[in-house]
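Enquirer: Below is a structure I'd like to ask you about.
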Amino acid sequence: MKRVYLAEVSSTNDYLKQFLAGGEDMIVCAERQTGGRGTKGRSFLSEEGGVYLSALTFYNGFPAERAFEIMAHSAVAVCKTVEAFGIKPEIKWCNDVLAGGRKIAGILIENTLSDGAVRASIVGIGLNVSNALDGLGGIAVNMRELLPAPPSAEEVREALIGNFLAPSAFSDYLSYVKFLGKRVQVTENGRQYKATAREILPDGRLLIESGGLRALSSAEIAIKF
């Protein structure tokens, strides 16, 4: 897969969009993003010292209903990466990777669909290594805080690329999900209620039990440990 290394870019995801008409798989990495984005339009702090990369992958005949496999694989790649350096990660539904209860990475996936299939996918990953996290109110953590001798951003970046390019299974994803069977708080259309998280389905929906079984695809959940 072709690789591009940049010192600075507005957004690695946005950078790759200019290649959507080309058909060549590629990865772009940046030392810093000035306009990093997270899910639901949130900004993603991207100071030097972190790993910021996006991967553009083209598909042929990949059904749109299987798109969650892209998300699951990306989260597994992040988990395997930090795990290799001695950190125990876990996945909070559906794609936040936590360490010690705080967010250590963010994933943003933008798929291009055509005739019920994924034609191309841009997977953006931001992984906190030794970058500053000022102003985030303690919700995030970096590898420097968790390790006595943290690796360099370059070491982590190359490990992440290797794990992203290696295959993974849905069972790998589930192995990093620790909240199943526990009580969670669900926020759905402004309404909050308690439920028990039972299962994550292969399409990414969360099966909960609250006066019966329901599968959620868009509700935000807050896990109560």
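Enquirer: In the stretch 8-40, what residues are surrounded by fewer than 16 Cβ atoms within 10 Å (Cβ to Cβ), under 17 Å from A132 (Cα atoms) and small (G, A, S)?
Expert: Once the filter is applied, which keeps residues that are surrounded by fewer than 16 Cβ atoms within 10 Å (Cβ to Cβ), under 17 Å from A132 (Cα atoms) and small (G, A, S), the stretch 8-40 yields only G35.
Enquirer: In addition: If a residue counts only when it is hydrophobic (A, V, I, L, M, F, W, C), assigned by TED's automatic domain parsing to the domain that holds N163 and over 22 Å from G138 (Cα atoms), which strands (runs of 3 or more DSSP E) contained entirely in the stretch 1-102 have at least 3 such residues?
Expert: 2-9, 26-33, 51-63
Enquirer: Can you tell me which of (1) within 23 Å of T57 (Cβ to Cβ); (2) not assigned by TED's automatic domain parsing to the domain that holds G22 is the one I161 doesn't meet?
Expert: Looking at each condition in turn, I161 falls short on (2).
Enquirer: Related question: Would you confirm whether or not the stretch 127-137 contains a residue that is assigned by TED's automatic domain parsing to the domain that holds G23, modelled with pLDDT of 95 or more and assigned to a strand (DSSP E or B)?
Expert: Checked the stretch 127-137: at least one residue is assigned by TED's automatic domain parsing to the domain that holds G23, modelled with pLDDT of 95 or more and assigned to a strand (DSSP E or B).
Enquirer: Please identify the pairs in which a residue from the stretch 1-19 that is within 12 Å of T34 (Cβ to Cβ) and touching a residue at least 60 places away in the same chain (Cβ under 8 Å) has its Cβ atom under 8 Å from the Cβ atom of a residue that is outside any helix (DSSP H, G or I) and of a type in the set (D, E, K, R), counting only partners at least 6 apart or on another chain.
Expert: Hits for this filter: S11/R37.
Enquirer: Would you point out the residue of the stretch 160-198, among those that are more than 26 Å from T81 (Cβ to Cβ) and polar (S, T, N, Q), that is modelled with the highest pLDDT?
Expert: Within the stretch 160-198, the match that is modelled with the highest pLDDT is T196.
Enquirer: Oh, and also: For the structure I just gave you, tell me whether L98 is surrounded by fewer than 19 Cβ atoms within 10 Å (Cβ to Cβ) and at pLDDT 95 or above.
Expert: No.
Enquirer: What are the residues in the stretch 171-191 that are part of a strand (DSSP E or B) and surrounded by fewer than 11 Cβ atoms within 10 Å (Cβ to Cβ), if any?
Expert: Correct list: R191 only.
The values are calculated or read from the model by the stated rules, or taken from the named source; none is laboratory data. Given the structure is predicted, the values throughout are model-derived calculations rather than measurements. We place every Cβ from the backbone using ideal geometry, glycine too, and count neighbours over all the protein chains shown.
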